[in-house]
1. State whether one or more residues within segment 60-69 are in contact with a strand residue (DSSP E or B) (Cβ under 8 Å, 6 or more places away or on another chain), assigned to a loop (DSSP other than H, G, I, E, B) and within 26 Å of His135 (Cα to Cα).
2. Can you tell me how many residues in segment 107-147 are closer than 14 Å to Gly68 by Cβ, loosely packed, with under 12 Cβ neighbours inside 10 Å and touching a Leu at 6+ places or on another chain (Cβ under 9 Å)?
3. Among the candidates Glu42, Glu57, which residue alone is part of a loop (DSSP other than H, G, I, E, B) and loosely packed, with under 10 Cβ neighbours inside 10 Å?
4. If you go through segment 77-100 one residue at a time, do you hit one that is polar (S, T, N, Q), surrounded by 12 or more Cβ atoms within 10 Å (Cβ to Cβ), in a loop (DSSP other than H, G, I, E, B) and over 35 Å from the mean Cα position of the chain (by Cα)?
Amino acid sequence: MFNGIRRQTRKPSEAQRQFAKLHTQLADQVPPGFGVPAAEPESVEATAVVDDFLPPELRVPSHDQLGGKMMPWSQPLVLDGEMVDCAQCGAYRDWLILSTRDQIWLRCRAGHQQQETRIDTAWYNRHSGPADATHATFEDCLRHLGR
């Protein structure tokens with residue numbers, strides 16, 4: 001029974017015959033423009049360059065244009081289960097946290113600074129809010145923050 005089915009050859013349908021006929025007619029034809037080098041583009045007059053970016057007073061400097069960032073931290077700072085205090089005066093709250101050159105520094109109200117290795121830049125970025133101002137000098141920033 002299966003041998004009989006295999007021996008039967010199917011004749012191509014009408015659509016298959018039409019496709020084969022069309023294929024043989026188009027076999028030696030080349031589409032227009034095929035193999036022809038592309039035309040030279042027309043010369044275009046130079047247009048005036050318009051600066052569509054924000055005006056300078058509204059631009060925010062990128063991280064590589066800043067010497068550092070700082071934020072106030074008024075509550076006690078607890079790291080690894082212990083409260084951080086100033087190594088010189090013992091203050092444990094009202095910090096300025098400074099981020100500069102992938103280092104974090106703590107500055108107490110008295111002006112003592114100490115590097116904090118348990119905090120990294122990612123921690124700083126998660127806990128800091130948006131910058132409300134940029135300053136030319138460190139002292140200008142301290143004055144802005146009331147220090």
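1. yes
2. 1
3. Answer to the check: Glu42.
4. Yes, the conditions are met somewhere in segment 77-100.
Where a number appears in this text, it was derived from the coordinates with a stated rule and is not lab data. Predicted, not measured: the structure shown is a model, and the values here were computed from it. Neighbour counts are summed over all protein chains in view; Cβ atoms, including those assigned to glycine, are modelled from backbone coordinates with ideal geometry.
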